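Everything below concerns the one structure shown next.
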Amino acid sequence: MKIEHGRTGAPSRVGEADTFSGRVMLDPLLEAGNGEVRINSVVFSPGGRTFWHSHAGGQVLIVASGHGMVETKEGDRELLNPGDVVWAPPGEVHWHGAAPDSFINHTAISLGTADWAGQVDDEHYGAVFAGEYDGPNDAVYDEE
Ligand code: MN
């Protein structure tokens, strides 16, 4: 056992533009096993999101606050709300991020390397939330 009082990750940083869209802030909490286990507290501004990607060993997301979405390349998607826990299996291509009108803060426990693919473009992102979003200000996105 090893107990860390504080962080052993790298300094906090803004998410890189080649892997994140919008404003994303990453706070590395722990990096262990020569980089095989990485824990980040991630804050996405409204509309902020990851690119499509997968994790070699899978990933756990634990939503601390706010609202957002996770979606697989196959189109399986779930709204994210505080307390939700997501398991993304090894190699499953997905994205995650904030709703259009809400921050989201999730803890990401990532196993193995991440394989980044293309951007979740604005058209796709908008379609995901159109008509089915039931967030705090969902009236803005309901189909009329
Ligand atoms: Mn992920």
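What follows draws every value from the coordinates through simple rules; no lab data is involved. Quick caveat, the model's predicted, so the values are computed rather than measured. When we count neighbours, we look across all protein chains shown, and the Cβ atoms used for this are built from the backbone with ideal geometry, even at glycine.
Here are some notes:
- Qualifying position, being among the aliphatic types (A, V, I, L, M), more than 14 Å from V128 (Cβ to Cβ), within 11 Å of the chain's Cα centre (by Cα) and within 11 Å of the ligand (Cβ to nearest atom), among L61, L111: L61
- Conditions (1) more than 21 Å from A88 (Cβ to Cβ); (2) surrounded by 13 or more Cβ atoms within 10 Å (Cβ to Cβ); number of the one not met by A32: (1)
- Residue list for segment 11-42, filter: part of a strand (DSSP E or B), more than 15 Å from the ligand (Cβ to nearest atom) and touching a residue at least 60 places away in the same chain (Cβ under 8 Å): L29
- Only one entry of V70, V128, V86 meets the criterion of being within 22 Å of A17 (Cα to Cα), of a type in the set (V, I, T) and within 15 Å of the ligand (Cβ to nearest atom), and that entry is V70.
- Of all residues in segment 43-58 being touching a Ser or Thr at 6+ places or on another chain (Cβ under 8 Å), within 22 Å of H124 (Cα to Cα) and not hydroxyl-bearing (S, T, Y), the one that is farthest from the ligand (Cβ to nearest atom): P46
- Annotation: of all residues in segment 56-110 being polar (S, T, N, Q) and either in a loop (DSSP other than H, G, I, E, B) or free of Cβ contacts under 8 Å to residues at least 24 places away in the same chain (or both), the one that is nearest to N40 (Cα to Cα) is N81.
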